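Trainee: One structure is given below, represented as structure tokens, and several questions about it will come after.
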Amino acid sequence: MKVEKPRGTRDFAPDEMWARTLVERKMSCAIENYGYRRVSVPTFERSELFRLKSGEEIAQHMYVFEDKGGRELCLRPEATASVCRMFAEELRAYQKPVKVYYSGPMFRYEEPQKGRYREFWQIGVELIGPSGPESDAEVIEVAARSLKSMGLKFELEVGHLGILRGLMQDLKVKEEVQDDVISAIDRGQKDKAEKLVKDKVFFDLVELKGDKKIIKKAEKILKDYENASKALGEFKGILSYLDALEVDYSINLGIARGLEYYTGMVFEIRVEGLGAQNQICGGGRYDNLVELFSGLSVPAVGFAFGFDRVVEAVKEQGIEIPKKKIDLVVAPVSDEVREEAMKIASRFRGNCSVEVDLMNRKLGKILEYASRINARYTIIVGPKELEKGLVVLRDMKSGTQKEIGLNEIERIF
Ligand code: AMP
């Protein structure tokens, strides 16, 4: 019976998995260099965790099921809400700032296409506690630095939902309607947004895009709007820090983000060559989400990488991913030394990666196999050499080989 994998899911064979592992290690290392520590949250949660504030877009695409106890659960579509729940239950006792990151699969019932899957991976960073502009800037810098650590070229756009929300407040747009406006802008549904907000000034602002010069234009547009001007002042503070940290960015005040919990700075990162699904990272400030779960008013800012797209971009941009190497292959030349070969392999496995022939191959074939798996050395075990306490060590790159004592090999590895 042939059973196919579900639509939108993938298997990762060892070569692909190795590439993913290397990229994940590089990114985690860059993130950890900023003091973030890894956490893990459940792959399934109570559905209401995400229904509360993750937004309509997410809620529509959730994998929801009822467990045997009649509880409504879902496979996690994202992990920021989970981390906030975790903060309420456990992390609140930690020293602030709480700096955590996660890496793992998320699930959304979307129409699969290139770069869009039903099971996909995210690496996310959450900084809980601080509210100042330097924390927004640091979070953006972590994202940029993680991608740079792999040599990726990308474009980063920053916006500020606080300005849009502030202006809607100044324009007396009701809070419930504000989320619908943000969501319509995020989906590019300008008509719908125009029905909800009648004032042109709002759309003049949303359309502002470009370098720092547009800040002057925004100041002009917003001069009579108190809340929006205040948020613009905060935004300028963040941009100053980004300039000081030499992070390249452009401004786009139309960034809305589909997730409803964002309150202030928002940013997105795109790369070329991935087609329509070219956004590899999205994030921003969410100052009310922790309070929703813990009752404690604690500001927070964070982002998530679409890890699959990052890996695709690495390949698309021709960035070399080193192949997995094995250090040693142990090759018995005959059955009488097979047991000894197993013992030799076992002896070195504490220090390095070792394979021993398990296919009963002839020496020539073992050497072929060793070069195919990128082995650095092969230890050829023969009865005559073994009597003298020696083996033959073959350098697989140069093809040179020499007789050598096992103790001496120990010194190499
Ligand atoms: P979000 O949680 O919606 O802000 O998404 C953060 C990032 O996750 C996006 O920028 C994408 O790179 C990635 N992402 C979101 N949905 C998918 C999906 N269905 N398949 C692959 N990557 C995704």
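The values are calculated or read from the model by the stated rules, or taken from the named source; none is laboratory data. Predicted model only: the values in this text are computed from it and were never measured. Reconstructed Cβ throughout: ideal geometry from the backbone, glycine too, with neighbour counts over all protein chains shown.
Trainee: Any idea which residue in segment 19-36 is nearest to residue 315 (Cα to Cα), counting only those that are touching a strand residue (DSSP E or B) at 6+ places or on another chain (Cβ under 6 Å) and not in a helix (DSSP H, G or I)?
Mentor: This residue is 36.
Trainee: Within segment 339-378, can you find the residues that are touching a residue at least 12 places away in the same chain (Cβ under 8 Å), among the hydrophobic types (A, V, I, L, M, F, W, C) and out of contact with any helix residue (DSSP H, G or I) (no Cβ under 6 Å at 6 or more places or on another chain)?
Mentor: Scanning segment 339-378 gives 341, 342, 344, 345, 348, 352, 363, 366, 367, 370, 373, 375.
Trainee: Go through the residues of segment 344-358 one by one and say whether even a single one is under 30 Å from residue 155 (Cα atoms), in a loop (DSSP other than H, G, I, E, B) and not assigned by TED's automatic domain parsing to the domain that holds residue 107.
Mentor: No, because not a single residue in segment 344-358 is under 30 Å from residue 155 (Cα atoms), in a loop (DSSP other than H, G, I, E, B) and not assigned by TED's automatic domain parsing to the domain that holds residue 107.
Trainee: List the helices (runs of 4 or more DSSP H) that sit entirely inside segment 44-131 and contain at least 1 residues that are within 26 Å of residue 144 (Cβ to Cβ) and more than 9 Å from the ligand (Cβ to nearest atom).
Mentor: Hits in segment 44-131: 80-89.
Trainee: From the list 76, 20, 71, 38, which residue is surrounded by 15 or more Cβ atoms within 10 Å (Cβ to Cβ) and closer than 30 Å to residue 295 by Cβ?
Mentor: 76
Trainee: So, restricting to helices (runs of 4 or more DSSP H) that lie completely within segment 217-322, which ones have at least 1 residues that are among the polar types (S, T, N, Q) and away from the ligand (no atom under 16 Å from the Cβ)?
Mentor: Because the criterion is at least 1 residues that are among the polar types (S, T, N, Q) and away from the ligand (no atom under 16 Å from the Cβ), the helices (runs of 4 or more DSSP H) in segment 217-322 that meet it are 226-244, 289-294.
Trainee: Can you run down the residue pairs with Cβ atoms below 8 Å, 6 or more apart or on separate chains, where the first is in segment 106-124 and at positive phi and the partner is more than 8 Å from the ligand (Cβ to nearest atom)?
Mentor: 115/274; 115/275; 115/276; 115/278; 115/312
Trainee: So, one more: So is residue 366 at pLDDT 95 or above, over 24 Å from residue 15 (Cα atoms) and not small (Gly, Ala, Ser) or not?
Mentor: So residue 366 fails the test.
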